[in-house]
Amino acid sequence: MQRGALLDAARTLLSEGGTEALTFPALAERTGLARSSVYEYFRSRAAVVEELCAVDFPVWAAEVEAAMERVGTPEEKIEAYVRRQLALVGDRRHRAVVAISAGELDAGAREKIRAAHGGLIAMIVEALAALGHDQPRLAAMLLQGVVDAAVRRIELGAAENPDEITEAAVGMVLRGVRG
């Protein structure tokens, strides 16, 4: 129960203030625990980050996968992949993962995040192969680059509204994968 409260507090801190806001004193304050109690659950900030990734990334990925399963054609799957990821930008779980990926992490945490992203990219490889790409994994990684750029644009509060960014990303990806 306390572990869940600590993770929820960590999500809030990360989404409100980035990695600098994620400190053990701040976690203790948000949860009403003594700082020493936080250390009973997590040995370091990196351990908090790793657990957040382990808990939140699969939920986020499952939402993307479910959106893709609700449609039929490869193009529709690609569109759902992009749209669902961009729709999740405002979700605290996603904001925490973005803040985490921007922060300093140890090698183990970085590897777990890379592996999780690899699973996300693997979801779209089949749709790209069905479109006839001779290098669907490369195409998937480039497609994810467009999504990541759109995420950053939305996160920064760009001049364009999130819907315009989403439409531009979807258009770029669909025209690119057909070409």
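The values are calculated or read from the model by the stated rules, or taken from the named source; none is laboratory data. Only a predicted model underlies this, so the values are computations on that prediction, with no experimental measurement involved. So basically every Cβ, Gly included, is an ideal-geometry build from the backbone, and we count neighbours across all protein chains shown. The protein model used for the area step is the full one, side chains on, heavy atoms only, and it has no ligands, DNA or RNA in it. Shrake-Rupley method; radii C 1.70, N 1.55, O 1.52, S 1.80 Å.
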Checklist entry - So which trypsin sites (Lys or Arg not before Pro) in the stretch 1-88 pass both tests, a DSSP loop state and at most 14 other Cβ atoms within 10 Å of the Cβ? => result 43, 70
Item to check | Relative contact order %, the stretch 1-70, counting alpha carbon pairs below 8 Å whose residues are six or more apart | outcome: 25 percent
Checklist entry - How many Å² of accessible area per residue for the chain, probe 1.4 Å? => result 51 Å²
Next on the checklist: Using a 7 Å offset from the Cα along the Cα-to-Cβ direction at both residue 114 and residue 62, what is the distance between the two label points in nm, to one decimal?
Outcome noted: 2.7 nm
Next on the checklist: Quick check: net charge around residue 3, other residues with Cβ under 11 Å of its Cβ, Lys/Arg +1 and Asp/Glu -1?
Outcome noted: -3
Next on the checklist: Can you show me the helix-derived [θ] at 222 nm for the chain, built from DSSP H runs with n ≥ 4 at -39,500 (n - 2.57) apiece and divided by the number of residues, rounded to the nearest 500.
Outcome noted: -26000 deg cm²/dmol
Next on the checklist: Taking all protein chains in place and a 1.4 Å probe, what share, in percent, of the accessible surface of the chain do carbon and sulfur account for?
Outcome noted: 54 percent
Next on the checklist: Helix 2-17 against the longest principal axis of the chain: what's the angle in degrees, Cα atoms only, rounded to the nearest 10?
Outcome noted: 60 degrees
Checklist entry - By how many degrees, between 0 and 90 and to the nearest 10, does the Cα long axis of helix 74-87 differ from the longest principal axis of the chain? => result 30 degrees
Checklist outcome for this item: In a Gaussian network model of the chain with springs linking alpha carbons closer than 10 Å, the residue among 135, 85, 144 that fluctuates most is 135
Checklist entry - Where the centroid of each part is defined by its Cα atoms, how far is the stretch 147-161 from the stretch 25-72 in Å? => result 23 Å
Checklist entry - Using the alpha-carbon atoms, what tilt in degrees (0 to 90, nearest 10) does helix 136-155 show relative to the longest principal axis of the chain? => result 60 degrees
Checklist entry - With the Cα gyration tensor of the stretch 107-179 giving a ≥ b ≥ c as the square roots of its eigenvalues, does the rule (a/c under 1.5 for rounded; else a/b larger than b/c for prolate; else oblate) give rounded, prolate or oblate? => result oblate
Checklist entry - How much net charge surrounds residue 161 when only other residues with a Cβ under 12 Å from its Cβ are counted (Lys, Arg +1; Asp, Glu -1)? => result -3
Next on the checklist: Residue by residue through the stretch 159-169, what is 3J(HN,Hα) from phi via Karplus (6.51 cos²θ - 1.76 cosθ + 1.60, θ = phi - 60°)? Round to whole Hz and write x for glycine and proline.
Outcome noted: 4, 7, 7, x, 5, 5, 5, 4, 4, 5, 5
Next on the checklist: Using the basic label-point model (7 angstrom from Cα toward the beta carbon), what is the residue 135 to residue 76 distance in nanometres?
Outcome noted: 3.1 nm
Checklist entry - For the stretch 55-65, in order, what is each residue's ³J(HN,Hα) by Karplus, 6.51 cos²θ - 1.76 cosθ + 1.60 with θ = phi - 60°, in whole Hz (x at glycine and Pro)? => result 8, 8, 4, x, 5, 4, 4, 5, 5, 5, 4
